[in-house]
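The values are calculated or read from the model by the stated rules, or taken from the named source; none is laboratory data. As the structure is a prediction and not an experimental result, all values here were calculated from the model. As a convention, Cβ positions derive from the backbone with ideal geometry for all residues, glycine included, and neighbour counts pool all protein chains shown. These accessible areas exclude ligands, DNA and RNA; they are computed on the full protein's heavy atoms, side chains included. Shrake-Rupley method; radii C 1.70, N 1.55, O 1.52, S 1.80 Å.
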Amino acid sequence: MNDMQSPDAKKKFVREKFSSISGRYDLLNSLLSLQIDRYWRWRTTRLLRAFPDGWVLDLCAGTLPLALELTRQAEARRVLAVDFCEDMLRAGAGALPDDNRRDRIVPVCGDGEVIPAPSGMFWGCTVAFGVRNLSRTLQGLREMHRILRPSGKLLILEFSRPTNPIVKPIYTFYLNRVLPVIAGLISGDKEAYQYLASSIAAFYEPEELLAMMREAGFATATRLPLTFGIVSIYIGIKE
């Protein structure tokens, strides 16, 4: 990861890595998380139940699993799914179910730091495991704030580092030793999952990210840890 010294270099690296694993990304997520990732997405999207219709932005949408859950939970909801890796979006769009959700999910290739949408358009904005990949985090958070309506809600689902003395060493060993090997064998790109482990280790502490959300303009910023703190949902409310 030495070639990721600048924001642009990081962006290029991340796009290439996700492109290389796009075809098996969903399979690997379910396998490596023991399918707990479905529960994490369900918990996240349930926090938008106050906004059952209108538009939601799913940023860093990848292969669209969160967009699918958003539209499954609310039949009048529409989702603009934005990701900067076109191969990931293509893989997700090609696997959409043959029902009305196909018409309610609009995939768009775009940059999360310059969101291709008008200000104040969305009641909700979701980001699942994507904030770590932004090269300019504060800029991305400011864009998320910009596109939300007043009283709109930002939900960031992101890996965190458990502090439980029993869980922490087991999780660290799995993340750094087991996951890259298994994922590399299945995906053919071990480096992509070595990046996953290193990016989690280098990511902000929860209070740092919450402070950045407040700096970006969110009047309220709170955290909901899940599964022993392996992941967290960060919740921001725009005034």
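A few notes on this one:
- Residue match in the stretch 118-132 (condition: among the charged types (D, E, K, R) and in contact with a Leu (Cβ under 9 Å, 6 or more places away or on another chain)): yes
- Looking across the stretch 75-89, the residues that are open to solvent by 10 Å² or more (accessible area, probe 1.4 Å) and within 15 Å of F122 (Cβ to Cβ) come down to A76, R78, L80.
- Cβ-Cβ under 8 Å pairs, at least 6 apart or on other chains, the stretch 60-79 side over 12 Å from R101 (Cβ atoms), far side charged (D, E, K, R) and surrounded by 24 or more Cβ atoms within 10 Å (Cβ to Cβ): C60/D83; A61/D83; G62/D83; L66/D58
- Residue check, R177 surrounded by fewer than 21 Cβ atoms within 10 Å (Cβ to Cβ), charged (D, E, K, R) and farther than 21 Å from L59 by Cα: yes
- Inside the stretch 212-239, residues that are open to solvent by 50 Å² or more (accessible area, probe 1.4 Å) and in a helix (DSSP H, G or I) make up a count of 3.
- In the stretch 14-66, the residues that are of a type in the set (D, E), open to solvent by 80 Å² or more (accessible area, probe 1.4 Å) and under 18 Å from G92 (Cα atoms): E16
- Those helices (runs of 4 or more DSSP H) of the stretch 1-91 in which at least 2 residues are touching a Leu at 6+ places or on another chain (Cβ under 6 Å), considering only elements entirely within it, cover 36-46.
- S151 out of contact with any helix residue (DSSP H, G or I) (no Cβ under 9 Å at 6 or more places or on another chain) and in a strand (DSSP E or B): yes
- Output for the stretch 195-223, where each listed residue is touching a residue at least 60 places away in the same chain (Cβ under 8 Å), under 24 Å from S33 (Cα atoms) and not small (G, A, S): Y195, I200, F203, Y204, L209
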